[in-house]
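Q: Here it is, the structure, as structure tokens.
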Amino acid sequence: MTERAGAAWPEGVARHVLGRVDSTNAEAQRLAGQLSGPTWIMARQQTAGRGRRGRDWSTGAGNFAASLLLRPQGGPAQVAKLSFVAALALDEALTAVCGPFARIAIKWPNDVLLNGGKVAGILLESIGSGQGVDALAIGIGVNLAEAPHPDSVEPGAMAPVSVLAETGHAVTQDDFLDLLAPSFDHWLRQMQTYGFDPIRTAWLARAAKLGETITARTGRDSWTGRFDGIDETGALILQTAEGQKIIPAADVFFEGG
């Protein structure tokens, strides 16, 4: 259990629980003009969840689907660092429910792994006009009760797993949100007070395959090398045969899948 397991719901943060919705991020965008403060929007059933690069996100029965609507300060580069805050909060909440023997790690840029399989994902979508970010939807999906069939993911991607199948622990959506929200609030306050450096340090301590060989792919390019960490912007640092590469956005693949 983590030190924030069982912590109180964060002050000043609202909670909306919906029965059925297409996407909690889409609902956050629809509600953005009506909500003045930070709000968690959770759905019992999500029918059209989204992942990065327009991919579908399958939300099985009993799985967790929620978005945090924020009005963050700073430009897009600063706002993007909130994905690392979300990853740390997810890591902490999953550690609390999975127990001490589960192997939990964070995969750059936006996934959380359980026993080597993908158990959770994060999607940030800005809400605003022009170059500004009026509001931000931080979508989080967690396979609490069931995982998509392995054939449903693209070749080379991490095999999906669920908390229930990997640990035998049954966790309700409400109980998971009660863990996740205080943890996110804690790490957000850390970044607001001390900047990105403590977030980066904590993230690296939980990073999957740090110091090992990985492959980073964009739509046009692919690089393989040693994963040396992330820089002060959150970009991937990869040591390749051609030298060091700083990669702001890519899909990461591990050797052997």
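Q: Tally the residues that are at pLDDT below 85, open to solvent by 70 Å² or more (accessible area, probe 1.4 Å) and outside any strand (DSSP E or B), restricting the search to the range 55-80.
A: Matching residues across the range 55-80 total 1.
Q: Scan the range 81-112 for residues that are over 20 Å from residue 29 (Cβ atoms), touching a Gly at 6+ places or on another chain (Cβ under 8 Å) and open to solvent by less than 20 Å² (accessible area, probe 1.4 Å) and jot them down.
A: 84, 111, 112
Q: For the range 149-165, what are the residues that are touching a Phe, Trp or Tyr at 6+ places or on another chain (Cβ under 9 Å) and either open to solvent by 30 Å² or more (accessible area, probe 1.4 Å) or among the hydroxyl-bearing types (Ser, Thr, Tyr) (or both)?
A: 156, 157
Q: If you take the residues in the range 22-54 that are of a type in the set (Val, Ile, Thr) and not in a strand (DSSP E or B), which one is modelled with the highest pLDDT? Quick ask: steps written out before the conclusion?
A: Of all residues in the range 22-54, those of a type in the set (Val, Ile, Thr) come to 24, 39, 41, 47.
From what's left, not in a strand (DSSP E or B): 24, 47.
Working: 24: 96, 47: 91.
Among them, the one singled out is 24.
Q: Which of the residues that make up the range 182-209 are under 18 Å from the mean Cα position of the chain (by Cα) and open to solvent by 60 Å² or more (accessible area, probe 1.4 Å)?
A: Keep residues of the range 182-209 that are under 18 Å from the mean Cα position of the chain (by Cα), which gives 182-191, 196, 198-209.
Once the filter is applied, which keeps residues that are under 18 Å from the mean Cα position of the chain (by Cα) and open to solvent by 60 Å² or more (accessible area, probe 1.4 Å), the range 182-209 yields 189, 200, 201, 205, 206, 209.
Q: Quick one: which of 241, 249 is among the hydrophobic types (A, V, I, L, M, F, W, C), open to solvent by 20 Å² or more (accessible area, probe 1.4 Å), farther than 30 Å from residue 10 by Cα and touching a Pro at 6+ places or on another chain (Cβ under 9 Å)? Walk me through it before giving the result.
A: Details: 241 fails: touching a Pro at 6+ places or on another chain (Cβ under 9 Å).
Answer to the check: 249.
Q: Kindly indicate whether any position in the range 213-233 is open to solvent by less than 80 Å² (accessible area, probe 1.4 Å), of a type in the set (A, V, I, L, M) and in contact with a Ser or Thr (Cβ under 6 Å, 6 or more places away or on another chain).
A: no
The values are calculated or read from the model by the stated rules, or taken from the named source; none is laboratory data. No experiment lies behind these values; they were computed from the predicted model shown. Backbone-built Cβ (ideal geometry, glycine too); neighbour counts: all protein chains shown. Only protein heavy atoms, including side chains, enter the accessible area calculation; ligands, DNA and RNA are left aside. Shrake-Rupley method; radii C 1.70, N 1.55, O 1.52, S 1.80 Å.
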